[in-house]
Each structure stands twice: as C-alpha cells, then as structure tokens.
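Working notes, beginning with the structure itself.
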Amino acid sequence: MIGRAGRRSLLASLALVAGLAGCDQFATGMQPVATTDPAKPAQEPTEMAEPSAESRALTAYYEGLQASLLAQGLLRGDGGGPDTPFTDTILARNFVRIALFNEYVDDSDFQRPRSTISTLRRWDGPIRMSIEFGDLVPPDQRLRDLNAVTTFAARLSRLTGVPITFTDRDPNFRVLFLHEEERRAYAATLRDLIPSMSQATLSTFENLPRDQLCVVIGTFEAGRSNYNKAVAMIRAEHPSLMRTACIHEELAQGMGLANDSPAARPSIFNDDEEFALLTRHDELLLQMLYDPRLQTGMDAATAAPIARQIARDYLAAGAS
C-alpha cells in the first residue's frame, strides 16, 4: 500500500507578488479546449513519438501498483456507504483540519509533510481552465482524460458555485498530462508562468519521485488568501483509474482543500488510498468551503464555530 505522498498537494506553497492579473468576469459555459502548448490549440502529431525507457518503466510500475491497491480493496469509487458513517461533529472537525491547515511549510522541498495552521483559502473569481497534453499522450487517452476533467470540473462548479470555463486564452488553472521527460521539460514553462516560484518547488516538480503520483500548485498574491493561479500535473504513465483519481484529488485540492487528515473517512483527503474518487463527505467539504457564511482569509479560530454550524445544518437537512 502506498502512502499519501502519492497524490501530493503543493497548495498554499507560493505567494505571488502583488500586481499579477486577477480573475476577470466571464461567461460560464463549459467549452473544453485541450492544448499541448499554453498558447496554441492542440494538434494531433502526424507520427506519435515513443516515450522513453524510463517512462515505459513507470507505466509498468503504476499498472502493478494499481492492481495491488485494487487487490487490497482500496481505490474505492462508491463514495462511501453504510460502513463509513459520519456525524456533523466529524464533518466539521475534518473541515477544519483539511481546509484550515497546510500539508507543507511554504517554500519547502515538499518531501517531509509538516502540517501548519493557515487561513481559509479559496477562489473568489471565476476559473479559466485549460487541459494540456504532452505530445507523447496518445489520442484515445487524451479523449478519456478530456472527458474526465470536463465532467469533474462541472461537478466542482455545481458544488462550489465557482464558474469554470475551458479556454486556452489566459487560463488561470492549467491541468497537465505529461510523460516523465515532458514534465521535466515543462519546468522552464512553469517558471515563466509563476516567476516567484521557489527553487525548491520547481525542483520538486522537475524531479518528482515515482511515489508522488500527481501534484497541484496553487498561488495567491502576497497578503491575500484567494487563489489566482493553479497548475495540476498528472502523470500520463498512470493507468486510467489512477489518472482519474489524480484528477479528483488535485482539482478538488486546487479549490482550496489543501491538507490531509488520517481521520477523514470516507474521503480522498486521507493517507490510506481507500477511496480513489470524490466521496459524499468530500462534496460536503467543498460546499462548506464556499458557503457564504465563511469568508476568504478567516483564521481557524474564527472559522471553526461557523463550520460546526454549517455542518449541523447540512446533515440536519439530510445531506449525508
């Protein structure tokens, strides 16, 4: 069984200098655009190149890993059931731990998790999402992942109320599907996208250990708590279920649920890999995060009693 280091969040690790462009208002239609370059529409390569030997070895490793996890009864996709009950008290406690703590110290190398208290962070404006594929990703895999991202983004938008559109024009949330050599080559582009990124964060992205299955980097302006950019990277070597699990994990964390909790169940925000896909418990966490009774930038002491009331209201209405 792998640890929670597998699906790694770098959220809240970067503070962008003031003056970066904010989010503009725009239409909310779901129009997917897949790109291989941040500035260009995707074009199918006339002849697919072969992934490197290292990438092919990773593909074999992750296929074996997925098979092992499934054989252990992990990577569940049922959203939880009678075996995973939770109360409003449990939901509120999990919310505080997941939404109001960071998994890593800012600007660390993200190899050693150390939970630190944070403020409530979320998107205060619309999300302009792009889906970008490396040239080595085959067309059939692109289509599956394109559909998975657009479907899940629509679900996130319904849960949070945040408008999400798909565009290749100045996206503020990029979802990348890259093979090993493509991820390393993308590091220079990532530096251009986020000039204030620390060298530790960039090195983590460029030299990702194989037990780190995917990452998301969320950024915000100095002194602010609202996200204005995010980049999620999902390894193209993963088999289909693990890629979908990474889509659920990183996009949901990219909305502001930045931490993990070993007590959270049924949840993807845990270290046991029991659940691969977003659960009903996790949907409630997202709804709580964007409930208007909470405000972006609230500290944990202020937000916690409000979160307890919200959780009581949700479960009293039959939300579980």
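Coordinate-derived values only; no laboratory data. Just so we're clear, the structure is a prediction, and the values are computed from it rather than from any experiment. Here the Cβ is made from the backbone with ideal geometry for all residues, glycine too, and neighbour counts use every protein chain on show.
Details
- A crude spin-label estimate for the pair residue 83 and residue 263, with each label 7 Å from Cα along the Cβ direction, gives 2.3 nm.
- A Förster radius of 25 Å combined with the Cβ-Cβ distance from residue 144 to residue 211 puts the calculated FRET efficiency at roughly 0.55.
- Within the shell of other residues whose beta carbon sits under 10 angstrom from the beta carbon of residue 252, the net charge comes to -3, with Lys and Arg scored +1 and Asp and Glu -1.
- A quarter of the convex hull surface defined by the alpha-carbon atoms of segment 62-201 gives 11.7 nm² as the mean projection.
- Taking max minus min of the alpha-carbon positions on each principal axis, segment 166-320 gives extents of 50, 37, 29 Å, largest first.
- Convex hull volume of the C-alpha atoms in segment 163-210, normalised per residue: 108 Å³.
- Residue 52 long-range amide H proximity, modeled H, under 5 Å: 181
- Under 9 Å, Cβ to Cβ, from residue 62 - net charge with Lys/Arg +1 and Asp/Glu -1: 0
- Integer Hz, Karplus 6.51/-1.76/1.60 couplings in order for segment 84-97, x for Gly and Pro: 10, x, 8, 9, 5, 5, 5, 4, 5, 5, 5, 4, 4, 5
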